[in-house]
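The values are calculated or read from the model by the stated rules, or taken from the named source; none is laboratory data. As the structure is a computational prediction, the values presented were derived from the model and not from experiment. Cβ placement follows ideal geometry from the backbone for every residue including glycine, while neighbour counts extend to all protein chains displayed. The accessibility values were calculated without ligands, DNA or RNA, using every heavy atom of the protein model including side chains. Shrake-Rupley method; radii C 1.70, N 1.55, O 1.52, S 1.80 Å.
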Amino acid sequence: MTPESPPSALLSPPRKTPPPITTHPFFTPRRSALSKFTSGLRSSRVHLLSPEESPSRRCKKARLETPTELQNESRTLFRPRSPLPDPIIELVEPRKRITPSIDQRIFMRSINGFGPRRIGTRDLHCGDWSSEGMGFYSRPQDVQSPAFEETTAHLPFSTLACNRNSLVAVGDESGNVRITESAKDEHPGFLKPYITLKCHDNAIFDMAWSPDDHLLATASGDQGCNIMDMIQQRQLFSLRGHDNSVKQIMFNPHNPHILASSSRDGKLNIWDLRVSGLRVQEQQGILTVLQPVQSIQNAHTLGKTPTSVTSVVWTQEYRVATAGQTSAAVKVWDLKSSLSRKKQPLPVETSALPVHHQGHRDFGISCLTLSPDSQRLYAVCKDSNVYAYSTNHLSQGPIHAYNHPKLMVSTFFVKSEISRDGRFLATGSSNGTPILFPTDEKYFDKRIYTDFSRESSPLAKNMQVGRGIALVRGHEKEVTDVTWTIEGDLVTISDDCNARCWRSGVEGEAHSLREGGEHEGRRWMWGWAEMD
C-alpha cells in the first residue's frame, strides 16, 4: 500500500468505468436545418432511442455481469431481468353475420340490391341461394288439428302473428278467433289454442293487430269490422260502412288510430277511432259504432260496374295502395289529394300491366305485401306469379317476378306475407304447398348465381323470374293465409282445417327428412323444405 492511497481502497476493488452506450445511426433522429434555432425549444427535444430501448430489438442485448462479479462489487449496478411470462394465445371467434338494418337495406335497394364493395373486388358468396330457406321443417306437435279438439272443426280463413310476442291469432268461418302460442316447446304449445274469443257471427276474412298488440281488428263476411280490446277481452268499436263482405283491414303503421278496409262492394273506407260515434250499451260494456271518415267509391271497376277490392296496404302515412279482382293494375290513393274526394275518384298513380297481360285476358290480384323498407310492393296474381314493384316507380310496372311449379293461385283467398327481416316472401297455394321466395335481389346477378333465374318461364322474355322453395307434406288442401312470428317461424292455415307452424332451424333436421326416407314412419306428420 502506498502512502497516497486512501483508506477505502483496502475495502473495495477499484470501480470500473462503464463503457458508453453507443447509439445506432438507425435510431438517431433526423435533424432539420432549423435545429440550431429550435434546439432550446421543448418540442424539439427528442429522446434518443438506444439499442436496448428499440421496439424491434434488432441488435444484441448488452452483456450482463456474472454473479461472481456482482458479489465482488459493493453495490449492484445492474439487476437481472425477470423471465418473460409465456405468451397468452387467445382464440378469436369468427365474425358473425350482421343483419343489415332498415336504412342499410334501403341503400342497398337504391343500388339494385348490392351492398357497397371495395374498389377492385367482387362480392362472391360460397353458399347456394337456397341454403337460407332449406332449413324449414315442421313437427307433429306443431300442428293444430281438429283431431286434438273436442269441438267441431271450423274452416280457418285468416291468421296473423302479434307484433311484440309469440302469440298467433287464427280466425275461422264461425267468427271465432283462436289465440295460440307459437314459441317452440312453450306451454301450452301449438297443439291447443291458448284462448278463444267470439268476434263475429260470420266468417273472419282478415285481421290486423295494433302496433302495441292491445287492439285486434277483424274483417268479416257480415259486412262489418270489429275492434277488440285484448286486455279486457271485449269489443270496443263496430265499424259500419260497407255493403258487402269485407276482404281486408289494416292499421296505419304511422298512426295507430287510423285504419283502412276494402270490400267486395268496391269501396275503400278510412276509419278514425278518435271520432265520436253512436254509443250502445252492451252486456260487457259500452260499444261505439263508427262511420268511415273517408270513403272512396268505385276504387276498382270493370267498365262502370264496381268490382271487389281484394287487398289494401299502407305505403305512406297518407297513401294507400289497392288491388282488384279484374285487373293486375295496382292503384295508389292520396288521402289528402282532392282527386280521391271527387264523385269519380282518381288515383295519383296506377301501375302498368305486366307485358304478357297486355292484349290478353286480365288477371286479378289476391294480395298485396309491402317490404319492411317500403321500397318493394309484392302482388300475388291469379296467373300464379308474384310480381315485385318499386314503390317509387310504380307506373313502370313490375321490375321482376317470382314463380314456382307448385305455386297455384286459383282463388282470391290465397295470400302472402314477408318476413320481418325482409329475407323471405311466403305465399299460400291452391295445391296445398306453401312457397318461400328469397327477396334479396343480388340473387338475380347471373355472374354469381347462375341457377336462381328461371329461364324456362314464359315471363323470362320480358323480366327476370326468381325461383322459390316449397314446404311439402304439411297440408292436403289449399293453403290460404300465412304469417311470420316474432321468432322467425312461419304459420300456415289450410282448407284441411289445420294450422301448422314451420320452424326456421338448421338445415340438418330438414336434410335428414329429405334424405332419410319413410323408414319406420319417421316422416309421419312431418313437413320440410324442398327444392323444385
Handout entry: Pairs, first farther than 14 Å from W271 by Cα and in contact (Cβ under 8 Å) with a residue 12 or more places away in the chain in the range 214-228, second hydroxyl-bearing (S, T, Y) and open to solvent by 10 Å² or more (accessible area, probe 1.4 Å), C-beta under 7 Å, six or more apart
Key = G221/S245; Q223/S245
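Just to be sure before I move on: is A183 of a type in the set (A, V, I, L, M, F, W, C), under 26 Å from the mean Cα position of the chain (by Cα) and part of a strand (DSSP E or B) in the structure I sent?
In short, no.
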Handout entry: Every residue from the range 384-405 that is touching a strand residue (DSSP E or B) at 6+ places or on another chain (Cβ under 9 Å) and either acidic (D, E) or part of a loop (DSSP other than H, G, I, E, B) (or both)
Key = S384, N385, T391, G397, P398, I399, N403, H404, P405
Exercise for the section: Would you mind finding the one in G488, G474, G466 that is open to solvent by less than 40 Å² (accessible area, probe 1.4 Å) and under 22 Å from L368 (Cβ atoms)? Expected result: G466
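Restricting the search to the range 441-453, which residues are charged (D, E, K, R) and open to solvent by 30 Å² or more (accessible area, probe 1.4 Å)? Spell out the reasoning first.
Here is the first cut: in the range 441-453, the residues charged (D, E, K, R) are 441-442, 445-447, 451.
The answer is K446, R447, D451.
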Exercise for the section: Just give me the residues in the range 245-286 being in a strand (DSSP E or B), closer than 26 Å to L346 by Cα, out of contact with any Phe, Trp or Tyr (no Cβ under 7 Å at 6 or more places or on another chain) and of a type in the set (D, E, K, R), in sequence order. Expected result: D272
Exercise for the section: Kindly list, by first and then second residue, each pair from a residue in the range 506-525 that is under 18 Å from Q141 (Cα atoms) to a residue that is β-branched (V, I, T), limited to pairs with Cβ atoms under 8 Å and residues at least 6 apart or on different chains. Expected result: M525/V143
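Do we have any residue at all in the range 163-174 that's closer than 21 Å to E317 by Cα and not aromatic (F, W, Y)? Before the answer, list the steps.
First, pick out the residues of the range 163-174 that are closer than 21 Å to E317 by Cα: 163.
Keeping just the survivors that are not aromatic (F, W, Y) gives 163.
Looking for residues that are closer than 21 Å to E317 by Cα and not aromatic (F, W, Y), one finds at least one in the range 163-174, hence yes.
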Exercise for the section: Could you check S430 against (1) under 29 Å from S158 (Cβ atoms); (2) without any contact (Cβ under 8 Å) to a residue 24 or more places away in the chain and say which number it fails? Expected result: (2)
Handout entry: Sole exception among (1) modelled with pLDDT of 95 or more; (2) surrounded by 19 or more Cβ atoms within 10 Å (Cβ to Cβ) for E349, by number
Key = (2)
Problem - Positions within the range 149-180 being assigned to a strand (DSSP E or B) and among the hydrophobic types (A, V, I, L, M, F, W, C), in sequence order - result: F157, L160, A161, L167, V168, A169, V170, V177, I179
Exercise for the section: Within the range 364-385, identify whether any single residue is open to solvent by 30 Å² or more (accessible area, probe 1.4 Å) and among the β-branched types (V, I, T), and answer yes or no. Expected result: no
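Please work out which residue is least open to solvent (accessible area, probe 1.4 Å), limiting yourself to the range 186-222 and to residues that are in a loop (DSSP other than H, G, I, E, B) and among the hydroxyl-bearing types (S, T, Y).
Of all residues in the range 186-222, those in a loop (DSSP other than H, G, I, E, B) come to 186-194, 199-203, 210-214, 221-222.
Filter once more, keeping what is among the hydroxyl-bearing types (S, T, Y): 194, 210.
Working: Y194: 147, S210: 4 Å².
The residue in question is S210.
Quick one: how many residues across the range 276-306 are open to solvent by 10 Å² or more (accessible area, probe 1.4 Å) and either closer than 23 Å to S366 by Cα or among the basic types (K, R) (or both)?
Residues of the range 276-306 that are open to solvent by 10 Å² or more (accessible area, probe 1.4 Å), as a first pass: 276-289, 291-295, 297-298, 300-306.
Imposing the further condition that a residue be either closer than 23 Å to S366 by Cα or among the basic types (K, R) (or both) reduces the set to 279, 295, 297-298, 300-306.
So the count comes out to 11.
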Practice task
Could you list all residues from the range 344-367 that are closer than 11 Å to V330 by Cα, in contact with a helix residue (DSSP H, G or I) (Cβ under 7 Å, 6 or more places away or on another chain) and either part of a strand (DSSP E or B) or free of Cβ contacts under 8 Å to residues at least 24 places away in the same chain (or both)?
Solution key: E349, T350
Problem - Condition met for E150 (among the charged types (D, E, K, R), open to solvent by 60 Å² or more (accessible area, probe 1.4 Å), out of contact with any Gly (no Cβ under 9 Å at 6 or more places or on another chain) and at pLDDT below 75) - result: yes
Exercise for the section: Inspect all residues belonging to the range 406-415 and state whether any of them is closer than 26 Å to F157 by Cα, among the polar types (S, T, N, Q) and not in a loop (DSSP other than H, G, I, E, B). Expected result: no
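Looking only at the range 491-504, count every residue that is open to solvent by less than 40 Å² (accessible area, probe 1.4 Å) and either at pLDDT below 90 or of a type in the set (G, A, S) (or both) and tell me the total. Lay out the reasoning, then the answer.
Here is the first cut: in the range 491-504, the ones open to solvent by less than 40 Å² (accessible area, probe 1.4 Å) are 491-494, 496-503.
Remaining after also requiring either at pLDDT below 90 or of a type in the set (G, A, S) (or both): 494, 499.
The total comes to 2.
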Fill in the blank from the handout: Subset of the range 340-385, residues closer than 17 Å to V309 by Cβ and among the hydrophobic types (A, V, I, L, M, F, W, C), comes to L346, V348, F363, I365, C367, L368, L370, L377, A379, V380, C381
Completion exercise
Those residues of the range 198-232 which are of a type in the set (A, V, I, L, M) and in contact with an Asp or Glu (Cβ under 6 Å, 6 or more places away or on another chain) amount to A203, A219
